[in-house]
1. For the chain, what's the relative contact order in percent, using C-alpha pairs closer than 8 Å and at least 6 residues apart?
2. Which of these, G65, G46, G14, has the largest mean-square fluctuation under a Gaussian network model of the chain (Cα springs below 10 Å)?
3. Please list, by residue number, every one of the chymotrypsin sites (Phe, Trp or Tyr not before Pro) in the chain that is coil in DSSP and has at most 14 other beta-carbon atoms within 10 Å.
4. Across region 50-59, in residue order, what do the Karplus-derived ³J(HN,Hα) couplings come to in whole Hz, using 6.51 cos²θ - 1.76 cosθ + 1.60 with θ = phi - 60° and x for Gly and Pro?
5. So, in nm, how far is label K24 from label F48 when the simple model puts each one 7 Å beyond its Cα toward the Cβ?
6. Short version: ³J(HN,Hα) in whole Hz for each residue of region 22-31, in order, from phi by Karplus 6.51 cos²θ - 1.76 cosθ + 1.60 (θ = phi - 60°), x for Gly and Pro, what are they?
7. Between (1) 19, 16, 9; (2) 30, 19, 14; (3) 25, 13, 12, which matches semi-axes √(5λ) of the Cα gyration tensor in Å calculated for the structure shown?
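Each reported figure results from applying straightforward, stated rules to the coordinates on display, with no laboratory input. Remember, it's a predicted structure, so these values are computed and weren't measured experimentally. FYI the Cβ positions are ideal-geometry reconstructions off the backbone, even for glycines, and counts take in every protein chain you see.
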Amino acid sequence: MFGTIGLIGGAVAGWLAGKMVGSKHGLLMNILLGVIGSVFGGWLFGLFGLTTYSWIGDVLVAAVGAALLIVIFRKVRK
């Protein structure tokens, strides 16, 4: 994901991640979480040999990655 589509995809992925783990963030934090989550989720899914072939799949991978990052951050912060 990159460019305008990447920002929109990052915002959607961050928003989905927030919904998955019960967390609220603003637009900029959603974009940041989505972009970082896409890198983390892509790496994690790659470990299992999974790949995506569509924009929707990329957003879902980013959302899962972002949700895991939120959960990890919460655990470390406590």
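1. Numbers: 112 pairs, mean separation 27.8, N = 78.
After rounding, I find 36 percent.
2. Per the Cα network of the chain with a 10 Å cutoff, G46 tops the list.
3. Working: sites: F2, W15, F40, W43, F45, F48, Y53, W55, F73; in loops: F2, F48, Y53.
Passing both the DSSP loop test and the Cβ count: F2, F48, Y53.
4. 9, 9, 10, 10, 8, 5, 5, x, 4, 5
5. The two pseudo-label positions are separated by 3.1 nm.
6. Listing the rounded values in order: x, 10, 10, 9, x, 4, 5, 5, 4, 4 Hz.
7. (1)
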